[in-house]
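Read through the structure below, which is laid out as structure tokens, and then see the notes.
The values are calculated or read from the model by the stated rules, or taken from the named source; none is laboratory data. Keep in mind that what you see is a predicted model, and the values were worked out from it rather than measured. Neighbour counts run over all protein chains shown; Cβ positions are idealised from the backbone, glycine included. These accessible areas exclude ligands, DNA and RNA; they are computed on the full protein's heavy atoms, side chains included. Shrake-Rupley method; radii C 1.70, N 1.55, O 1.52, S 1.80 Å.
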Amino acid sequence: MVRFPLLSVISLLSNYSIIIYESSSPSINPSKVKQVSWSPRAFVYEGFLTDQECNHLISLAKSELKRSAVTDNESGEGKLSKVQTSSEMFIPKGKDPIVAGIEDKIALWTFLPEENGEDMQVLRYEQGQRYDPYYDYFVDEINIAEGGHRIATVLLYLSNVAKGGETVFPAAEKSPHHISSTSDDDLSGCAKKGISVKPRKGDALLFFSLYPNAIPDPSSVLGGCPVIEGEKWLATKWIHDKTLGSAGDDCIDENENCERWAASGECSRYPEYMVGTPKSPGYCRRSCQLC
């Protein structure tokens, strides 16, 4: 399992372009990472997955697909909605060596701990199916209290799409360094309503739903354009700002470096992560003398 000091991650997120070009991992090729947007922070890794990995995820999902559900803002429960019309299933972390290898690769690229990630969601969009604009961060108190915010999302494109099916950020601001790899003629009308990414088998899209200070970024709203021709297969990996399944209400340290970080003043410099809030406790509550 790959682990990274959390505050080192947070201090680097404000300049993500440095992260992707300083990675020395032999399984990550920084030259394949392209900036899509700086508001929200979004990046595409071309050829992140092999054909074998894409086909394997599809084969695991095919026999277990069911109608996609969205999170209800009041109850925190999943519910059927006309907003998302795809089919889905979830693959448990570490289900087999290929899935475990993909999880490792995501952690290496994003510099975010595997234990902060949800199970991988595999989706199929058939002709006409879509996902209307939505946010990946939570607005309901139940999900925030249980697992914290979703800080980042990785979308893994498992198939090519003949036409349509783009991921679009309608509120994104174009960066002066942004160069689209897709001409307007290749995009659907939906995709032209913002900065968009055309699904290509093996590519991965990483975007951050929170600012580096853990405040939700409204420019991260995104949608899945209707599939016009063909079929779209996609895997979603949501990554939270805290370890999932941890005892959030206990006054404990969740990282072996907490004592050292607290001694150097990180409790006041990074209160969102060190101390947290009553609804989303931080990682180093004991070292920050909360008990």
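Couple of notes before you dig in:
- Failed criterion for residue 239 (all others in (1) more than 16 Å from residue 168 (Cβ to Cβ); (2) open to solvent by 10 Å² or more (accessible area, probe 1.4 Å); (3) outside any loop (DSSP other than H, G, I, E, B) hold): (2)
- Of the listed requirements (1) out of contact with any Ser or Thr (no Cβ under 7 Å at 6 or more places or on another chain); (2) surrounded by fewer than 22 Cβ atoms within 10 Å (Cβ to Cβ); (3) of a type in the set (A, V, I, L, M, F, W, C); (4) modelled with pLDDT of 90 or more, residue 227 misses just one: (2).
- Within the range 246-271, the set of residues being open to solvent by 50 Å² or more (accessible area, probe 1.4 Å) and modelled with pLDDT under 75 comprises 249, 250.
- Any chance residue 75 is open to solvent by 60 Å² or more (accessible area, probe 1.4 Å), modelled with pLDDT under 95 and over 19 Å from the mean Cα position of the chain (by Cα): no
- Residue within the range 200-215 that is closer than 20 Å to residue 89 by Cα and in a strand (DSSP E or B) present: yes
- Residue in the range 55-69 that is closer than 30 Å to residue 262 by Cβ, at pLDDT 75 or above and either surrounded by fewer than 20 Cβ atoms within 10 Å (Cβ to Cβ) or not polar (S, T, N, Q) (or both) present: no
- Single residue of the range 88-104 satisfying the filter (open to solvent by less than 30 Å² (accessible area, probe 1.4 Å) and among the charged types (D, E, K, R)) that is modelled with the highest pLDDT: 103
- Annotation: of all residues in the range 165-212 being open to solvent by 10 Å² or more (accessible area, probe 1.4 Å) and among the hydroxyl-bearing types (Ser, Thr, Tyr), the one that is modelled with the highest pLDDT is 196.
- Qualifying residue in the range 44-53 (condition: modelled with pLDDT of 50 or more, among the acidic types (Asp, Glu), surrounded by 18 or more Cβ atoms within 10 Å (Cβ to Cβ) and in a helix (DSSP H, G or I)): yes
- Pairs where the first residue, in the range 91-112, is on the phi > 0 side of the Ramachandran plot and the second is open to solvent by 50 Å² or more (accessible area, probe 1.4 Å) and among the polar types (S, T, N, Q), C-beta under 9 Å, 6+ apart: 111/8
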